[in-house]
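Participant: Pasting a structure here, questions to come.
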Amino acid sequence: MQIDKLRGRTLDQLFDAILSLKDREECYQFFDDLATINEIQSLAQRLEVARMLQEGFTYHKIEDETGASTATISRVKRCLNYGNDSYQMTLDRVHKE
């Protein structure tokens, strides 16, 4: 995993902080303080790109609907095909609720 290079106390602290959030409103508050609007939009956009790729949308349709670049779409697709299956896992969990 690429993120293994970053493993350590500070990243553990970040993930533990995220895991401590109790609801969506706490997420809004935490991420509002933690990240810029552009960073939050980029993360949300990537997850939406993953959902659309899984549902079979074309790059063109994904570009039109999300504003994502073909480079971003390709990166997400590479993660879907060769990554840790985390997009699939989280999207499955979210859609079950």
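The values are calculated or read from the model by the stated rules, or taken from the named source; none is laboratory data. For clarity, every value in this text was computed on a predicted model and none was experimentally measured. No Cβ is skipped: glycine too gets one built from the backbone with ideal geometry, and neighbour counts run over all protein chains shown. Surface accessibility is based on the protein's heavy atoms, side chains included, excluding ligands, DNA and RNA. Shrake-Rupley method; radii C 1.70, N 1.55, O 1.52, S 1.80 Å.
Participant: Can you tell me which residues in segment 81-90 are over 15 Å from GLN2 (Cα atoms) and open to solvent by less than 70 Å² (accessible area, probe 1.4 Å)?
Facilitator: Within segment 81-90, TYR87, THR90 qualify.
Participant: Tell me the residue from ARG46, ARG78 that is among the basic types (Lys, Arg) and surrounded by 11 or more Cβ atoms within 10 Å (Cβ to Cβ), please.
Facilitator: ARG46
Participant: What is the one condition in (1) free of Cβ contacts under 8 Å to residues at least 24 places away in the same chain; (2) surrounded by 10 or more Cβ atoms within 10 Å (Cβ to Cβ) that THR72 does not satisfy?
Facilitator: Here THR72 clears every test but (1).
Participant: Looking at PHE15, PHE31, which is the one that is open to solvent by 70 Å² or more (accessible area, probe 1.4 Å), assigned to a helix (DSSP H, G or I) and out of contact with any Gly (no Cβ under 8 Å at 6 or more places or on another chain)?
Facilitator: PHE15
Participant: Mind counting the residues in segment 2-12 that are in a loop (DSSP other than H, G, I, E, B) and either open to solvent by 100 Å² or more (accessible area, probe 1.4 Å) or in contact with a Cys (Cβ under 6 Å, 6 or more places away or on another chain) (or both)?
Facilitator: 1
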